[in-house]
1. Just give me the residues in the range 130-166 being surrounded by fewer than 15 Cβ atoms within 10 Å (Cβ to Cβ) and among the aliphatic types (A, V, I, L, M), in sequence order.
2. Exactly one condition in (1) buried (at least 16 other Cβ atoms within 10 Å of the Cβ); (2) more than 15 Å from Met272 (Cα to Cα) is false for Arg241; which is it?
3. Sort out which residues of the range 278-333 are part of a strand (DSSP E or B) and surrounded by fewer than 13 Cβ atoms within 10 Å (Cβ to Cβ), and write them in order of number.
4. Restricting the range 334-353 to residues that are assigned to a strand (DSSP E or B) and among the charged types (D, E, K, R), which is nearest to the chain's Cα centre (by Cα)?
5. Out of the residues in the range 90-102 that are in contact with a strand residue (DSSP E or B) (Cβ under 9 Å, 6 or more places away or on another chain) and not hydrophobic (A, V, I, L, M, F, W, C), state the one that is surrounded by the most Cβ atoms within 10 Å (Cβ to Cβ).
6. Being surrounded by fewer than 16 Cβ atoms within 10 Å (Cβ to Cβ) and among the hydrophobic types (A, V, I, L, M, F, W, C) is the filter here, so list the residues in the range 343-370 that pass it.
7. Do you know which residues across the range 300-342 are closer than 18 Å to Asn275 by Cβ, touching a Pro at 6+ places or on another chain (Cβ under 9 Å) and charged (D, E, K, R)?
8. Can you tell which of Ile362, Ile372, Ile380, Ile409 is farther than 30 Å from Lys135 by Cβ, over 39 Å from the mean Cα position of the chain (by Cα) and modelled with pLDDT of 95 or more?
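The values are calculated or read from the model by the stated rules, or taken from the named source; none is laboratory data. The shown structure was predicted, so the numbers you read here are calculated from the model rather than taken from an experiment. Neighbour counts run over all protein chains shown; Cβ positions are idealised from the backbone, glycine included.
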Amino acid sequence: MQQTPQRTEVAEKAQPFVPLAPSNLAETGLNMGFLADLALKILYFEGYLTGSDIAERLRLPFTNVVQKVLEFLKRERFVEVKGSTSLRESTYQYAITSQGSERAQEVLERSKYVGPAPVPLEAYTKAVLAQTIQKVFVSPETIRAELAHLVLSDRLISQIGPAVNSGRSIFLFGAPGNGKTAIAEAIARMLLKGRIFIPYALEVDGQVVQVFDLVNHRPIPQEETAAQFPNYDARWVWIHRPAVMVGGELTLDRLDLIFSETSLYYEAPLQMKANGGMLLIDDFGRQQARPEDLLNRWIVPLEKRVDYLTLRTGRKIEVPFDVLIVFSTNLEPAELVDEAFLRRIRHKIEVKDPTYDQYREIFRRECQAKGIPYREEALIYLLQEYYIKPGRPLRGCHPRDLLEELVNIARFSGQKPALTKELIDLAWASYYVDLDEHKT
């Protein structure tokens, strides 16, 4: 099933991937034993359920799929029919037997996963490649529109566009407070306009890997998905292209399969959850893991576009690495990366301090947003006293932060916020700390 995309702000270069609902057991890619155990766990926790209810929990069609699973469970005397509201098998009321309860307890000792049936790893790999981030095209008009709330040079904007469309990697660097994170968030908003299918979970060697989560994924309502794709495989979720953001809390163990000793199944690592979208590593160099360890972890994925993850058994599995990965740092690149790694990052973009004209425009916009009458002479005073005389660099965040301080001080003292010398001096004294002056 295919749909021709309309030309939108963010266009896809190819038709979308749509997973079709399986018409029989073989098309699920899962064996009878696995599905029977999963259905049995559902009944163990929920008690009486109709055939259609079980199919809904498994996100699989009843006819020829869940129907066959329930027939198998009945033959094995793990479930029994307790009644029905009609002659249709899907309305039969199923209950777990004592023998079935014993079997369910045995299965739960191996895995406590109870949810939508997973999809095979092979199907996931094909889906990622069919919906690759490299099929996204962002026009110059869209780039400018999404960055319009920031005051950036034409040169910087012209660098961001090709970097986004490459779908590969970006290294944003520069002094703090000049908009690196805001630029990354704007990139995320561009990508979020696209939509892809991801599975709730994967099956690998009989093990379950949970992929979908509401923290990192924004699903389209199921009713809308079903209306647009009536015969889609409900084991997949239609989501906005993901934008996964992580900062100083990132550790190396979050970049591999995460096995829960409580639930006895795996959670996908961050980069896998970001497949088809963006992974932002903010404040790069300030993570709990050493920068060189993180960089070494990314070398193969950046080069080969594949990643290797490890099961508890020691087996390595290959998964696609289809991510626009963005490193954002306040530190000097030479302090973090060597030449070999920097070569693998396709787009290096320095976000420089604003010029005086850019600072003026940022200041003017912030005054307008906060309802403060703009006065050119007040800005000249601020620049002269607090930047030019002490030789202090301009920062893009200063106007916003400084004016917020000014508003707070004015309200506390019962004044109307205004660009007076007194309020500017008080706001600066409250906001800015010169680190060099406080070194011991």
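1. Matches in the range 130-166: Ala145, Ala148.
2. Exception for Arg241: condition (2).
3. Correct list: Thr310, Lys316, Glu318.
4. Lys348
5. Here the residue is Tyr94.
6. Result: Ala369, single match.
7. Matches in the range 300-342: Arg305, Asp307.
8. The match here is Ile380.
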